[in-house]
Structure formats: structure tokens, C-alpha cells
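Peer 1: Got a structure here, written out as C-alpha cells. Questions coming.
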């Protein structure tokens, strides 16, 4: 393995070569054990951490994000690889089910039938601009695809091109040194290669995090193929936060200050940025008093990810500001980083097409919506499209079941208190939501992310030795299985 | 509830009314327990069986299928409703996961996070022509959607319009008498209503079984919506059957006779009909000797499902017969039912575009492919698209791992011996496969079919009383859950 193999290829011919190599590696890798796969992933995690001193400064230079944040993100990415490697070892995502032959099955004799999930093959992964480690080269999509047993072809993000290329080199070398088949991870760059990746017959699924416009275009491409493939896209979210009257009365200032802190974190460049705050009208005075100071106190670092992201943000913010019935409560600017802005509108003035409830402003600006009563609140929540998160700030013991249901109906994750900008990597995490938050009902963060890269296969009336070990009668690997309807725990 | 509500509505206005009623019923139904939902489904199963004497003769009249088969299919459909009702009670498809807050989580403090699956809402279900009970009004798609907690709007199939309308009436009445919200199940008919169903903003997923052309058109429609929705389509399959040299030497006649029996079952109108038999050249003589007699002995009943299905079958069969290098081994005809036909072609003469490996002949005809060696066999299997099933006839102890892998790569269910035309309803069943067998990686038969109609939601840092009972700390309903990474069995 030479480092030449780690170079990102461009163009459709380049993409074809990388995909073919990945497919060959997938075929080789599936003859190896889950234990070996887990070890490969752990080797990548180790390599990421051992190159921390090189990668973090490179990321700072390209993304303008601060050192502490990037260090934490690298730690998170290595942790994620190890957690998912653990899942590869456990094999619960195989969903192994064994039905023994049953001559007395209620609808007629049942054959011996055994099902488990198998990896899809080569997966295309598009890096996101805003998390140069956690949602990029070896972030959640790549890690979960490798855990599933797939090969990965990663489309480098141009916003951190040097970091991405260097990370890809490190991943390729770590996999090679750990004994993984050559080509199991590859990289491409440029638009032509990106489109070729989505179109390639050997690519069986795509993971994407980015804008609604770009993501929808690729989704449309993936489903228009002769063989449509699953396109797991995370496309955009406003992340509404509801403040109840009781919470507003009890601690309006604390909530308003916390909101500005969360919505300006990472210069507002989080997919989970709380872009809408729904506040009782009684809180309007506190908002006018607190928000300007909180906004000017926000720590914004040295700039947005790129100049074009800044330009896009300013254009979207100004479009919302200029839309009907919206007022500017805290004026932002067009510097880099832009000063945080807060726009405001009355709930009663919003309709379904209102820019304020339809436009993601990817940067440090958000909309304060004031509502007169719960009917207005419920109506505004009803106007919203799919969201990654929804949050409610309420007081202990308050009955907020109505709002909770409305949030649950349009969000992937519902929070009580706190802010949505932290997304832990764990077993119960759900990062996704109804469209446009995500294009499929799945999560891109946490252990359940692995399920996206699998498909089920059933085996009927096989000799025991013809079955994968996970389905053999003696369960030699001791994984959890459902047998004749009852779950048996892992040994 | 009057029977007027059970009438299938037509046109886009009719569809809109049925969908709105279903959505209202969905909202009401989700305030009820899984136990109640299970009881509603069991009431429908009871009603199906208590109307057996009326429904089976009506089905015979409209479909020309024999009484014994239709009786078995009705039994299967009632069994399916009860099995899925049992799953609704168990709640394992909720996939409940609880992560307690953990200040020492490897990537930084973890909040309390709890995830479970929730029903999507209104589901559109398209009935298939060939299983007037099991894949129609209250077949697998409808039963699994109800088990998930969804409401169902069923598009009646015109090939058994009176049976479908009467079955829908029975379902609506049974649900009403069991106390389900009015509108939980509704019906529409006609093409305009069908398209309106797929387009309707309140419809959140579609289940379909039918032809590749019709299914792909509806799939394209579902994914082109402003909010794309999952379209679970089962579109077509050739169901290859491989006979090894050893099996051919040992029992060619038995296999060839069995093949004709399976491929003419139900006048060849099974999605799992074994449409391709891959036989060693050594078996060609036996085939020429056995197949004509076996074909003329096949029991075909009184006709195909409809005249237009017969016409489509004859046209497809004749097109394959006229394609390059294909010979007619047993001539069919254009009667109704048509006499069974067997076409034959040498493996070496096939390429990827060959009609013989691309055309589903929905009726009593199939293709015998003779292969000279395993290289030819492997090459032909490599030409095939996605399949519902693949079967291998081999001798005990033979190493067939290569063929098994090729079948697994393109099939949802792989059988050793036997024939694919029986599809049991059980925990391990997998009825689906890579495109065009299915448009998504899911099953439409068996308990796992429920998973199609759900999406996950995570709850963060909730007060215990704000959570659904399945996620509350004490697990009052005693369902199986994964807690801090470890599965806890149902109580």
C-alpha cells in the first residue's frame, strides 16, 4: 500500500476506479470476521488520535473553528469509531431470527427459516462542511458503514480540502497497517466525481449531510437510477424551542441568554442550532432587554467556515428580515464572522409560506416568535416542516402533553430543557426526522446508524454448515437472536 | 357507523376525504393502547373467517382461482392478522432504548436519552391482483400497518373489484364493532384516486405489490413529492433455481417435475414463481423427456385472473420465445388458461440484456437455462437483477458456497431444495430483495413487515411522566428494552 492510493480521485473515471477498488475490498472484507472489522476501526481511531497535533491545527486553519472545539470533535470521532466497533463485535444489528420448522404452524407447515442482515456493499459518503471530523471523512456515516461491513467511498468537502485529504490518507494507512483489504476506504473530490459516485451501479447507498438544495438534487439522482438506492440525507432544520408561560415567568432571562449561547455556538453553523424561539408575549419585554447584550457578548471566533457560507447566510438572514411582518430586534452585519442577529415576528402574523418558518439561516441569526396563547403556539408548530430537534422549556409538573405531541410529530429528538446543539453518540440517539430534516426515517448518529447500511436475507431449509455462523443451530458466536418468537440474550 | 362509510371513493376529492378521515382516526387511535389495537385486528380476523362462505365463492368467481387455494389464503390472512396483533401486544418493534445520563461517557457527559419507534400516520396500500386475500384489502401491508399503529387507505384492485369492496365493508364494520376510531381503514378505487393517494400530504408511506412498470411509476411519484415518502413496492422477480451437477445426476426427473408443478401453481401467477431453472447440460436430455408430459399434466383451473393479464402474459412469453438464441421446448398457447410453456437457452448465449433474464412472464411459462460448467453458471447468476428468491438443489454435503453467495447477493430469500412458491408468515420471513424485487430493503411478509411503518423518536432529559409508558423508568408495560447498552427481556 502506497500513499498514492490515498489520494482523492476526481472526475467520473476517477470515481469509477475508487468504487471498483472499494467493491473488491468489500468482497474480501466480508470473508473476514466481525472481530477483525472491529479491530480495523479501532486502529483508525488510534491513528486519528495519534495525529491530533497535526490535524487540529490544519482544521483550525481551514475552518476557523477554535482549538478546544476541534479537539473535542476529534475525541468524539475516535470515541464513535470505538463505540461502533463494539457494536460490530456484538452483532445485534444483524437482527438474527431463527424459526425452526413447525408442522403445526397456524397457517400450514412452516419450513426452517433463518434471517439476518447483510451489508449492502459500497457506500458513498458526503462530508459536511461544519464538522470537519465528526461528519466528514471518518465521521458517523463512514464509521457506521464500516461497522456494518460495507466499503466506503468518501466525497471530500472542499471547505476543508487539505484536512480531508490528509485525514483520508491517515485512514487508508491505518486500515492497511491493521490488515484491512486495500480499497475498503477511498476518497474522491469534485462535483463530477460526486455525481458519478451517486450514479455508480456498484454504489448501494449514500450518506449525506448538507443543504436542502444540494441534498435534494442528489436524492433525486439516487432515486432516479435504474436501480434506485437509499439516500440518507440530512438536509436542514430550524430546531424550534418552546418556552411555556410558566417557564417564561420563572426564568426568562436565563432562557434568553442560553438561547443566544446555543444559537451562536460554532458561529451558528450547527444543524441543530435553535433557529426559532417561541416565547409568550409576556416575555417580549425581557427579550428586548436581554438579547442585544447577550448577542454582543457571544464568542464567535475568527470567522465562518468559508466566505461563500458567510455570503449565503447573510443573504438568507436578510431575506427573512425583509419578509412580511418580521422586525429586526438585534441587527447582524455582513462582517466575517457576522455579528449575531435576532429577528422577531408575532405568531399571529405567520402563515405556512412565511420565510421565518421555512428558511434555515446557517449562521449566527435566529427568529423570536411571540405567541399570545396556546392556540397560537399550536398553530405555529403546525406550520413547521420536519425537524431534527424540538425543545420545550417548562416548569416541573406542568402539563405540556399537547406541545410534546406536536414536537414529536415533526422532530427526531425532543428535549426538555437544555439546548439541542449537543448531540451525544449513544445507543438511544436519534439524529434525523421527517423531511427535510432527513430524507429517510433513520439516524446518522449513534449505534442505530449502522442499520442504514444493511439489508435482510432469509435462508430456508439449509444444512447447518451452509449457514453463516450467526444463524447456525449452536449459535457458535453467541449473539442475541430471536428463536421461535422469543429473544435469547447474547452469551 | 353506516355502511356508506365503507364504500370505496373515487377521484382525487374522494381520496382526499378518505385520507382525512383516516388521519383523524390515526390521531384518535394513538391515544389507545397496543392491547386495544391488537383486539381490533383480531376482530377483523374473526370477521374474515365468519364471512368465509360468502367471500370465497365471490373470489372464485372473480379470480378463477380454485376453492381450496382461496380457502387457504383466507386462513392465512386471518392467521397473519392474529400473529401481527400478537406483535402489537409485545411491542418489540418499538425498539425501545434507554440511555441513562452518564457524566463519564467517553466523549463527554451524556444526557438521559430514550428512543422508540412511533407510527408514521396514514399509509396507502395497493392491493395485488394475484392474492385476493393475502396481498389485497386486508393482506400483509394492511395488517402490518395497523399493527404499527397506522391508519390504512386501501386502493382496491380492479381485478377483484366486488370481492375487494365487500372485504373492505367487512373490515370497516368489524373495526367499528370492536371500537376502533371511524376511518382507521378506508378504501378508494380508480386511477385518479390512486395517484391522489400517493400525492396526498397526509399519506406518509405506501405499500404496493404489482408490476415493475406500474410500481416504478408510483415509486417515482412518491419520491418526487415535496416531502418524499417511503414507497415499499414489490415489483417483479424471476426466482432462479440452480440445479447442481450432482443433484441433476441423482434426481433430474424429480426436480424437473417439481419445477413444472411450482411454476404452474396458481396458473403461474405467483411473484415467487420459479421462472428460471439453471440445469447442467447433462440434464438436457431428461428435460426434453420429462417436461412436455409434466407440463400437459399441470392443473391450471379455469383461467388466468383477467383477460388482460392473459394477454400480457402471452405477449411477454412470445417476446422471450422470439429473442435471440431462445428455443421453444414446450409450446404454450393463447387459450385461457394458456397451456404451460417452457423456453430454453444455453447459458453461453446469454448476455445482460437478454430478454430471458430480464422479462417476468406472469403466467405458466418459464425458461430452462443449460450450463456447461460452474463458470457459465456463475456468469448467468451475475447477469440477474434483484430477486425475491433464489433456490439451490444440491446433494447433502456438497460445497455450494459460491452459488449460495451469488444467490444471497441478489435475493431476499435463499432456499435449499423445495420451491419458492410457498411464503410462510413468521418471525424470520423475508419477502423482498434488491431492486426490482423490492424498492426498499424491507419485507412485506412476516412480523418484520411492521418496521416499515414506523419512525424513531428520541426523548432527552424528560420528566418520567412526560414519557410514553414504554420508555418510563419503571417500564410499567414490561416490554423488551436495551438499557445502557444491554438488552433486558420482556416481562
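The values are calculated or read from the model by the stated rules, or taken from the named source; none is laboratory data. Model, not experiment: these values are computed from the prediction. When we count neighbours, we look across all protein chains shown, and the Cβ atoms used for this are built from the backbone with ideal geometry, even at glycine.
Residue-wise test of (1) over 14 Å from residue B:132 (Cβ atoms); (2) assigned by TED's automatic domain parsing to the domain that holds residue B:134; (3) in contact with a strand residue (DSSP E or B) (Cβ under 6 Å, 6 or more places away or on another chain).
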position	(1), (2), (3)
B:50	yes, yes, no
B:70	no, yes, no
B:75	no, yes, no
B:83	yes, yes, no
B:93	yes, yes, no
B:99	yes, yes, yes
B:103	yes, yes, no
B:112	yes, yes, no
B:121	yes, yes, yes
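Peer 1: Working only within region B:71-118, note down all residues that are free of Cβ contacts under 8 Å to residues at least 60 places away in the same chain, under 30 Å from residue B:56 (Cα atoms) and facing another protein chain (nearest Cβ under 8 Å).
Peer 2: Scanning region B:71-118 gives B:72, B:75, B:82.
Peer 1: Please count how many residues of region B:369-389 are closer than 30 Å to residue B:209 by Cβ and either surrounded by fewer than 16 Cβ atoms within 10 Å (Cβ to Cβ) or in contact with a helix residue (DSSP H, G or I) (Cβ under 6 Å, 6 or more places away or on another chain) (or both).
Peer 2: Of the residues in region B:369-389, 8 are closer than 30 Å to residue B:209 by Cβ and either surrounded by fewer than 16 Cβ atoms within 10 Å (Cβ to Cβ) or in contact with a helix residue (DSSP H, G or I) (Cβ under 6 Å, 6 or more places away or on another chain) (or both).
Peer 1: I've got another one for you. Does residue A:407 qualify as being in contact (Cβ under 8 Å) with a residue 24 or more places away in the chain and more than 22 Å from residue B:98 (Cβ to Cβ)? Explain how you work it out, then say what you get.
Peer 2: Details: in contact (Cβ under 8 Å) with a residue 24 or more places away in the chain: yes; more than 22 Å from residue B:98 (Cβ to Cβ): no.
Spelling it out, it is not the case that residue A:407 is in contact (Cβ under 8 Å) with a residue 24 or more places away in the chain and more than 22 Å from residue B:98 (Cβ to Cβ).
Peer 1: Within the bounds of region B:329-343, is there any residue that is over 19 Å from residue B:245 (Cβ atoms), in contact with a strand residue (DSSP E or B) (Cβ under 7 Å, 6 or more places away or on another chain) and either part of a helix (DSSP H, G or I) or free of Cβ contacts under 8 Å to residues at least 12 places away in the same chain (or both)?
Peer 2: Taking region B:329-343 and keeping what is over 19 Å from residue B:245 (Cβ atoms), we get B:329-343.
Now restrict to residues that are in contact with a strand residue (DSSP E or B) (Cβ under 7 Å, 6 or more places away or on another chain): B:329-332, B:340-343.
Next, from what is left, pick out any that are either part of a helix (DSSP H, G or I) or free of Cβ contacts under 8 Å to residues at least 12 places away in the same chain (or both): B:331.
Yes: one or more hits.
Peer 1: Being crowded, with 20+ Cβ neighbours inside 10 Å, at pLDDT 95 or above and not assigned by TED's automatic domain parsing to the domain that holds residue A:266 narrows it down to one of A:392, A:450, so name that one. Explain how you work it out, then say what you get.
Peer 2: Values: A:392 fails: not assigned by TED's automatic domain parsing to the domain that holds residue A:266.
The conditions single out A:450.
Peer 1: Quick check on this structure: which one of A:98, A:153 is under 21 Å from residue A:41 (Cβ atoms) and either at pLDDT below 95 or assigned to a strand (DSSP E or B) (or both)? Step through it out loud before you land on a result.
Peer 2: Numbers: A:98 fails: under 21 Å from residue A:41 (Cβ atoms).
None of the others qualify; the one that does is A:153.
Peer 1: Kindly evaluate residue B:350 against the criterion of being crowded, with 21+ Cβ neighbours inside 10 Å, more than 9 Å from every other protein chain (Cβ to nearest Cβ) and closer than 26 Å to residue B:443 by Cβ. Walk me through it before giving the result.
Peer 2: Numbers: crowded, with 21+ Cβ neighbours inside 10 Å: yes; more than 9 Å from every other protein chain (Cβ to nearest Cβ): yes; closer than 26 Å to residue B:443 by Cβ: no.
The answer is no for residue B:350.
Peer 1: Here's something else I'd like to know. Within region A:351-367, track down each residue that is in contact with a helix residue (DSSP H, G or I) (Cβ under 6 Å, 6 or more places away or on another chain) and over 19 Å from residue A:212 (Cβ atoms). Write out each step before concluding.
Peer 2: Of the residues in region A:351-367, the ones in contact with a helix residue (DSSP H, G or I) (Cβ under 6 Å, 6 or more places away or on another chain) are A:352, A:355-357, A:359, A:361-367.
A:364 - this is the single residue of region A:351-367 that is in contact with a helix residue (DSSP H, G or I) (Cβ under 6 Å, 6 or more places away or on another chain) and over 19 Å from residue A:212 (Cβ atoms).
Peer 1: Let me ask something additional. Can you name the number of the only condition in (1) closer than 21 Å to residue B:270 by Cα; (2) in contact (Cβ under 8 Å) with a residue 24 or more places away in the chain; (3) surrounded by fewer than 16 Cβ atoms within 10 Å (Cβ to Cβ) that residue B:303 fails?
Peer 2: Here residue B:303 meets the rest and fails (3).
Peer 1: Let me ask another. Mind listing whichever residues of region B:185-212 are assigned to a helix (DSSP H, G or I) and in contact with a strand residue (DSSP E or B) (Cβ under 7 Å, 6 or more places away or on another chain)?
Peer 2: Taking region B:185-212 first, the residues assigned to a helix (DSSP H, G or I) are B:191-199, B:212.
The answer is B:193, B:194, B:197, B:198.
Peer 1: On to the next question. Of all residues in region A:376-409, which are within 10 Å of chain B (Cβ to nearest Cβ) and in a helix (DSSP H, G or I)?
Peer 2: A:401, A:404, A:405, A:407, A:408, A:409
Peer 1: Answer with yes or no whether residue A:418 is assigned to a loop (DSSP other than H, G, I, E, B), at the interface with chain B (Cβ under 7 Å from one of its Cβ atoms), free of Cβ contacts under 8 Å to residues at least 40 places away in the same chain and within 28 Å of the chain's Cα centre (by Cα). Please lay out each step first, then the result.
Peer 2: On the way: assigned to a loop (DSSP other than H, G, I, E, B): yes; at the interface with chain B (Cβ under 7 Å from one of its Cβ atoms): yes; free of Cβ contacts under 8 Å to residues at least 40 places away in the same chain: yes; within 28 Å of the chain's Cα centre (by Cα): yes.
Here the answer is yes, as residue A:418 does meet what is asked.
Peer 1: Also: Output the number of residues of region B:443-465 satisfying the condition of being within 8 Å of chain A (Cβ to nearest Cβ), under 22 Å from residue A:437 (Cα atoms) and assigned to a helix (DSSP H, G or I).
Peer 2: 0
Peer 1: Looking only at region A:70-85, count every residue that is surrounded by fewer than 17 Cβ atoms within 10 Å (Cβ to Cβ) and touching a helix residue (DSSP H, G or I) at 6+ places or on another chain (Cβ under 7 Å) and tell me the total. Steps first, please.
Peer 2: Of the residues in region A:70-85, the ones surrounded by fewer than 17 Cβ atoms within 10 Å (Cβ to Cβ) are A:71-72.
With touching a helix residue (DSSP H, G or I) at 6+ places or on another chain (Cβ under 7 Å) added as a condition, the list becomes A:71.
Of the residues in region A:70-85, 1 are surrounded by fewer than 17 Cβ atoms within 10 Å (Cβ to Cβ) and touching a helix residue (DSSP H, G or I) at 6+ places or on another chain (Cβ under 7 Å).
Peer 1: Does region B:423-442 include one or more residues that are facing another protein chain (nearest Cβ under 9 Å), farther than 24 Å from residue A:441 by Cα, assigned to a loop (DSSP other than H, G, I, E, B) and within 12 Å of the chain's Cα centre (by Cα)? Give the steps one after another, and end with the answer.
Peer 2: So in region B:423-442, the residues facing another protein chain (nearest Cβ under 9 Å) come out as B:424-436, B:439-442.
Now drop any that are not farther than 24 Å from residue A:441 by Cα, which leaves B:424-426.
Narrowing further to those that are assigned to a loop (DSSP other than H, G, I, E, B): B:424-426.
Filter once more, keeping what is within 12 Å of the chain's Cα centre (by Cα): B:424-425.
Scanning region B:423-442, I find at least one residue that is facing another protein chain (nearest Cβ under 9 Å), farther than 24 Å from residue A:441 by Cα, assigned to a loop (DSSP other than H, G, I, E, B) and within 12 Å of the chain's Cα centre (by Cα), so the answer is yes.
Peer 1: A further question follows. Quick check: anything in region A:476-491 outside any loop (DSSP other than H, G, I, E, B), within 30 Å of residue A:359 (Cβ to Cβ), touching a residue at least 60 places away in the same chain (Cβ under 8 Å) and more than 8 Å from chain B (Cβ to nearest Cβ)?
Peer 2: From region A:476-491, those outside any loop (DSSP other than H, G, I, E, B) are A:481-483, A:486-488; that's our starting set.
Next, only the ones that are within 30 Å of residue A:359 (Cβ to Cβ) stay: none.
No.
Peer 1: Looking at (1) away from chain A (no Cβ under 14 Å); (2) closer than 26 Å to residue A:104 by Cβ, which one does residue B:61 not meet, given that it meets all the others?
Peer 2: (2)
Peer 1: Restricting attention to region B:274-282, does a residue exist that is assigned to a loop (DSSP other than H, G, I, E, B) and surrounded by 24 or more Cβ atoms within 10 Å (Cβ to Cβ)?
Peer 2: Taking region B:274-282 first, the residues assigned to a loop (DSSP other than H, G, I, E, B) are B:274-275.
From what's left, surrounded by 24 or more Cβ atoms within 10 Å (Cβ to Cβ): B:274-275.
Within region B:274-282, one or more residues are assigned to a loop (DSSP other than H, G, I, E, B) and surrounded by 24 or more Cβ atoms within 10 Å (Cβ to Cβ).
Peer 1: Here's a follow-up. Can you tell me which condition residue B:351 does not meet? The list is (1) in contact with a strand residue (DSSP E or B) (Cβ under 9 Å, 6 or more places away or on another chain); (2) outside any strand (DSSP E or B), and all the others hold.
Peer 2: Result: residue B:351 fails condition (1) only.
Conditions tested, residue by residue: (1) free of Cβ contacts under 8 Å to residues at least 60 places away in the same chain; (2) assigned to a loop (DSSP other than H, G, I, E, B); (3) buried (at least 16 other Cβ atoms within 10 Å of the Cβ).
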{"residue": "A:214", "(1), (2), (3)": "yes, no, no"}
{"residue": "A:238", "(1), (2), (3)": "no, yes, yes"}
{"residue": "A:246", "(1), (2), (3)": "no, no, yes"}
{"residue": "A:253", "(1), (2), (3)": "yes, no, no"}
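Peer 1: Oh, and also: For region B:216-236, how many residues meet the condition of being surrounded by 19 or more Cβ atoms within 10 Å (Cβ to Cβ) and either in a helix (DSSP H, G or I) or over 22 Å from the mean Cα position of the chain (by Cα) (or both)?
Peer 2: Matching residues across region B:216-236 total 5.
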